[in-house]
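**Student:** Here it is, the structure, as C-alpha cells.
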Amino acid sequence: WAPNRFAWRGSAPAVLAMVVVLFAARTVVRNSDWFDELSLWNATVRAAPGSFKSHGSLAEALYRADPTHSNLEQVIAEKEKSLEILRGVPDPAAISKPYREAPVYYLEFRDWLAAKRRNPAAASQAYRRAATLGEEYLRLAAERPVPAGDTSEARLLVSTAYARLREDVKAVATARQGAADGPLTP
C-alpha cells in the first residue's frame, strides 16, 4: 500500500530493511533488561514510575538479590514508593499484598540496625512501621478475602513488632487472634 500511495515503489525494500534493522536494534537494547529479575524490574520502574507493582516487585527483587540483605534501606524505599502510590487507589482492599510484605522488611531492617548498632531511633521506628503496616493489611484483609493462612501470619508479624516495642498486651492479644485465625499454622 505505502509504495503505491507515496510513489516510492523502488525504495520499498530499503524502507523495509531499515524497519527490520531498527526493530533488531531495539531488541538487542531491550535484551539487557531481561538479564535477570533485578534488571527487569529496574527497567520496569524506569518505564512505569507511577506503578505500585513495579516498585513493589523491584523491592522483592532487591531483597532476593542480596542474601545478606544489607540493601534493606533500598528495599524499604522501593516498598514505601509502592505503598505511597497505593494510597491513591480507590479500592485498596483489592490490592492488600504490599501491606503484607512490608512488615517483614521492617522487622528484618530493625534487627539489622541493632546488629550493626546503628541509629536506635530508626530501629524503634522500624518496629512501629511494621506494626502499622501489618495492622493496615489486617484491616484490608477483613474487607476482602485473602489466601488462607495470610492473616494468621500477618498477626504473627504484628505481634512480633508489638513484643519488640514492649507493648505486651497488644502483642499477646494479636498472637491469640493469629492462633484463632490459623490454629494449625505453626
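**Student:** Quick test of your reading of the structure: A122 fulfils all but one of (1) under 24 Å from S152 (Cα atoms); (2) modelled with pLDDT under 85; (3) open to solvent by less than 30 Å² (accessible area, probe 1.4 Å). Name the failing condition by number.
**Tutor:** Only one criterion in (1) under 24 Å from S152 (Cα atoms); (2) modelled with pLDDT under 85; (3) open to solvent by less than 30 Å² (accessible area, probe 1.4 Å) is unmet by A122, namely (1).
**Student:** Looking only at residues in the stretch 130-157 that are free of Cβ contacts under 8 Å to residues at least 24 places away in the same chain, farther than 13 Å from D181 by Cβ and not β-branched (V, I, T), which one is surrounded by the fewest Cβ atoms within 10 Å (Cβ to Cβ)?
**Tutor:** So, considering only residues that are free of Cβ contacts under 8 Å to residues at least 24 places away in the same chain, farther than 13 Å from D181 by Cβ and not β-branched (V, I, T), the one surrounded by the fewest Cβ atoms within 10 Å (Cβ to Cβ) is R139.
**Student:** Could you say which residue among L113, L62, L72, L83 is farther than 14 Å from L133 by Cβ and either under 11 Å from the mean Cα position of the chain (by Cα) or open to solvent by 50 Å² or more (accessible area, probe 1.4 Å) (or both)?
**Tutor:** Exactly one residue qualifies, and that residue is L62.
**Student:** Next question. Among all residue pairs at least 6 apart or on different chains, which show Cβ distances below 7 Å where the first residue, located in the stretch 158-171, is over 12 Å from R128 (Cα atoms) and the second is in a helix (DSSP H, G or I) and of a type outside the set (S, T, N, Q)?
**Tutor:** Sorted first by the residue in the stretch 158-171, then by its partner, the pairs are K170/Y162; A171/Y162; A171/A163.
**Student:** Could you name every one of the helices (runs of 4 or more DSSP H) located completely within the stretch 1-83 that has at least 1 residues being modelled with pLDDT of 80 or more and in contact with an Asp or Glu (Cβ under 8 Å, 6 or more places away or on another chain)?
**Tutor:** Hits in the stretch 1-83: 37-47, 52-65.
**Student:** Can A102 be described as surrounded by 15 or more Cβ atoms within 10 Å (Cβ to Cβ) and either modelled with pLDDT of 90 or more or touching a strand residue (DSSP E or B) at 6+ places or on another chain (Cβ under 9 Å) (or both)?
**Tutor:** Yes.
**Student:** Further question on the same structure: If the Cβ limit is 6 Å and pairs must be 6+ apart or interchain, which residue in the stretch 107-120 that is on the phi > 0 side of the Ramachandran plot pairs with which residue that is open to solvent by 90 Å² or more (accessible area, probe 1.4 Å) and assigned to a loop (DSSP other than H, G, I, E, B)?
**Tutor:** Qualifying pairs under 6 Å: none.
The values are calculated or read from the model by the stated rules, or taken from the named source; none is laboratory data. These figures come from a predicted structure and were not determined experimentally. FYI the Cβ positions are ideal-geometry reconstructions off the backbone, even for glycines, and counts take in every protein chain you see. These area figures cover heavy atoms from the full protein model, side chains too; ligands, DNA and RNA do not enter into them. Shrake-Rupley method; radii C 1.70, N 1.55, O 1.52, S 1.80 Å.
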